[in-house]
Amino acid sequence: MLSAAIAAGASACSDGNKMGTYGYDAGYLASKGIPTIELKSEDGQARVLLAPTLQGRVMTSTTGGEKGPSFGWLNYKALADGFVNPQFNPFGGEERFWIGPEGGPFSWFFKPGEEQVYANWNVPALLDTEAYDVESASGTQAVFVKEQTLRNASGNEFNIGLRRVVTILEKAGTEELLGVYNEDHEGKIVNDEYFGKVPADRLQVGDGLIRFKIDGKYRSKIGLPAGSARDICGSYDPEAGVLNILKYTIPEGECDYVNSQWGPQDDPYHGDVINSYNDGPTETGTIMGPFYEIETSSPAAPLQPGQTLTHTQYTLHLQGPAPILESIFNRIFLTKDMKLK
């Protein structure tokens with residue numbers, strides 16, 4: 001069972017909205033016949049737009065009503081073409097459910113005995129083409145449910161039931177969600193070998209902070225293992241004047257996390273708690289986006305029939321002048337002697 005919460009949103013469209021606004025994206029989805037559910041704050045400015053037929057994903061959100069910025073990335077061409085890619089249909093969006101591991105002996109993305117290379121990688125319909133059922137929907141919360149059977153790369157079959165809850169957050173009470181990174185961890189701090197070593201000009205580690213360049217121009221991915229990761233991360237776009245903060249649940253005590261790296265693995269249960277993927281050209285020159293992602297994971301759990309596991313993620317978008325956003329960033333992520341660079 002997975003729960004998610006997001007603090008920002010989207011709204012109904014009107015004529016004349018420019019590309020890059022929430023109204024434009026909402027109108028585009030409507031023009032393609034994609035049903036949506038909208039969550040809205042009390043003042044109508046923060047809005048979240050959900051698509052039940054696309055796994056109940058958050059397509060986009062805003063802090064400024066219909067004419068405010070659209071925080072989600074939409075792949076307009078893929079949305080126009082529909083379900084045409086047998087491997088994966090990268091429609092985009094802002095927040096969605098995913099399942100791991102992607103690679104290794106327990107992968108959901110490769111058939112038993114197949115070499116784990118891109119040509120054999122296939123996203124399960126549960127994450128790509130299947131619609132989720134709407135259990136309930138109100139102005140501030142939507143609940144989606146789905147049941148499906150999946151077979152992993154080891155040939156084991158699982159009956160999976162999902163319950164996805166998306167709630168829009170009001171301003172009051174969000175400050176208590178924020179924290180800092182862990183500076184006390186000993187051992188490997190960050191895994192940057194998913195698609196080859198990340199160059200030093202794109203990844204810097206030190207002073208209790210990990211800086212990863214996410215511009216959609218260089219295909220790379222990093223991950224933080226248990227012990228290194230804390231329950232908060234973020235991204236900052238000074239040009240757009242937007243600070244994005246992601247907060248999520250990490251259970252107390254030692255937990256296993258699945259290893260999503262492709263190919264043979266020595267330890268399938270020594271994976272990462274949080275990942276960030278920056279899109280870019282592949283070896284063949286093709287590109288899915290460009291976009292970037294931040295992924296948070298629940299622990300791996302040997303669930304018995306009828307047992308559940310809940311993972312909660314909070315997404316906050318803060319928009320304003322650079323000095324204010326940088327002050328907030330410094331207070332949340334840095335020690336008193338550090339400054340945002």
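The values are calculated or read from the model by the stated rules, or taken from the named source; none is laboratory data. None of the values given here were measured: they were computed from a predicted structure. In this analysis, Cβ positions are derived from the backbone assuming ideal geometry, glycine residues included, and neighbour counts consider all displayed protein chains. What goes into the accessible areas is simple: the full protein's heavy atoms, side chains included, and nothing from ligands, DNA or RNA. Shrake-Rupley method; radii C 1.70, N 1.55, O 1.52, S 1.80 Å.
The alpha carbon convex hull volume per residue for the stretch 260-337 rounds to 232 Å³. Look at where the Cα atoms of the stretch 267-310 and of the stretch 117-149 average out, and the two centres are 16 Å apart. Local charge for Ile250 was computed over the other residues whose Cβ lies under 9 Å away, with Lys and Arg +1 and Asp and Glu -1, and equals -1. Accessible surface computed residue by residue for the stretch 190-341, with neighbouring protein chains in place and a 1.4 Å probe, gives 55 Å² per residue.
Extension gain for Asn122 to Glu293 (0.36 nm times residue separation, less C-alpha to C-alpha distance): 59.7 nm.
Other residues with beta-carbon under 11 Å from the beta-carbon of Leu79 carry, at +1 per Lys or Arg and -1 per Asp or Glu, a net charge of 0. Within the stretch 265-285, whose backbone N sits under 15 Å from a point 7 Å along Cα→Cβ of Val205? Taking a point 7 Å out along Cα→Cβ of Val205, the residues of the stretch 265-285 whose backbone N falls under 15 Å are 271-276. Take every pair of alpha-carbon atoms less than 8 Å apart whose residues are at least six positions apart; their mean separation over the length of the chain yields a relative contact order of 18 percent. Sorted largest first by accessible area at a 1.4 angstrom probe radius, with every protein chain in place, the residues Val166, Val117 fall in the order Val117, Val166.
Heavy-atom accessible area for Trp98, with the other protein chains in place and a 1.4 Å probe, reaches approximately 80 Å². Report the trypsin sites (Lys or Arg not before Pro) located in the stretch 29-101 that are in a DSSP loop and have at most 15 other Cβ atoms inside 10 Å of their Cβ, or state none. The qualifying sites are Lys32. With each label modelled as a point 7 angstrom along the Cα→C-beta vector, the Ala322-Lys67 pair spans 2.5 nm.
Ranking of Cys233, Cys255 by solvent-accessible surface, largest first: Cys255, Cys233 (1.4 Å probe, protein heavy atoms only, all chains present).
Once the chain from Asn75 to Lys213 is taken as fully extended at 0.36 nm per residue, the excess over their C-alpha distance is 47.5 nm. When only Cα pairs below 8 angstrom with a gap of at least 6 residues are kept, the stretch 188-238 shows a relative contact order of 47 percent.
Mean residue ellipticity, 222 nm, helices only, the chain: the sum of -39500 (n - 2.57) across DSSP H runs of n ≥ 4, divided by residue count and rounded to 500, is -2500 deg cm²/dmol. Between Gly93 and Trp73, Leu74, Asn75, the built amide H atoms are under 5 Å apart, and every one of these is 5 or more places off in sequence or on another chain.
Placing unit charges on the Cβ atoms of the charged side chains and taking the dipole of the chain about its Cα centre, the candidate lying farthest along the positive direction among Gly208, Asn159, Asn17 is Asn17.
Exposure check, 1.4 Å probe, all protein chains in place: Met19 carries approximately 130 Å² of accessible surface.
For the chain, excluding the exposed loop sites themselves (GluC sites (Glu not before Pro), DSSP loop, at most 14 other Cβ atoms within 10 Å), the longest remaining stretch covers 43-113. Its Kirkwood hydrodynamic radius, worked out from the mean inverse distance over all distinct Cα pairs, puts the stretch 249-290 at 13.0 Å. Within the stretch 29-152, the proportion of C-alpha pairs whose separation exceeds 23 Å stands at 39%. Shape class for the stretch 209-341, computed from the alpha carbon gyration tensor (a ≥ b ≥ c): oblate, with a/c not under 1.5 and a/b at or below b/c.
With the cut-off at 1.5 for a/c, could you classify the stretch 85-125 from its C-alpha gyration tensor as rounded, prolate or oblate? Here the stretch 85-125 falls in the oblate category.
In plain terms, the bigger the Kirkwood radius, the slower the diffusion; for the chain, with that radius from Cα pairs, at 20 °C and 1.002 mPa s, Stokes-Einstein puts D at 103 µm²/s. Among the listed pairs Lys18/Lys217; Lys32/Lys111; Lys40/Lys221; Lys32/Lys213, those with a Cα-Cα distance over 28 Å are Lys32/Lys111; Lys40/Lys221; Lys32/Lys213. The charge dipole of the chain, taken about its Cα centre with unit charges on the Cβ atoms of Lys, Arg (+1), Asp and Glu (-1) only, comes to about 700 debye.
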